[in-house]
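Enquirer: This structure is in structure tokens; I'll ask about it shortly.
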Amino acid sequence: ILDQVGEPVIPPRRHRKYQHSYDKIAYKNRWGVEAFFAKLKQWRRIATRYDKIAANFLGFVKLAAIMLWLK
């Protein structure tokens, strides 16, 4: 078993006795990535993964990302 250590990215709740430190920049970037994937899942073809070939699926993800970027 590998020992895995992670750094918290999500801020602690205010009522906690122990307030751990977190990376505010990483938390901000994490929100941006999650919002992008939420928008990306609006396309039914991506959310349900109609394309069974990985190259076709990745191509459509890239196309949808470009369309979101141009919006």
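The values are calculated or read from the model by the stated rules, or taken from the named source; none is laboratory data. These numbers were taken from a predicted model, which means no experiment stands behind them. Neighbour counts run over all protein chains shown; Cβ positions are idealised from the backbone, glycine included. Accessible surface areas use protein heavy atoms only, side chains included; no ligands, DNA or RNA. Shrake-Rupley method; radii C 1.70, N 1.55, O 1.52, S 1.80 Å.
Enquirer: Condition first: more than 18 Å from the chain's Cα centre (by Cα) and not hydrophobic (A, V, I, L, M, F, W, C). Now tell me which residues in segment 46-71 satisfy that.
Expert: Scanning segment 46-71 gives Tyr50, Asp51, Lys52, Asn56, Gly59, Lys71.
Enquirer: For segment 43-62, which positions are closer than 30 Å to Val9 by Cα, modelled with pLDDT of 85 or more and loosely packed, with under 13 Cβ neighbours inside 10 Å?
Expert: Leu58, Lys62
Enquirer: Wholly within the chain, which helices (runs of 4 or more DSSP H) include no fewer than the required count, namely at least 1 residues that are touching a Pro at 6+ places or on another chain (Cβ under 9 Å) and not hydrophobic (A, V, I, L, M, F, W, C)?
Expert: Here the list reads 24-40.
Enquirer: Where the second residue is of a type in the set (A, V, I, L, M) and at pLDDT 80 or above and the first is closer than 22 Å to Arg30 by Cβ and open to solvent by less than 90 Å² (accessible area, probe 1.4 Å) and lies in segment 1-17, which pairs have Cβ atoms under 6 Å and are six or more apart or on separate chains?
Expert: Short answer, once both residue conditions are applied: Val9/Ala26.
Enquirer: Collect the residues in segment 18-41 that are open to solvent by 70 Å² or more (accessible area, probe 1.4 Å) and in contact with a Leu (Cβ under 9 Å, 6 or more places away or on another chain), keeping them in residue-number order.
Expert: Phe36, Lys39
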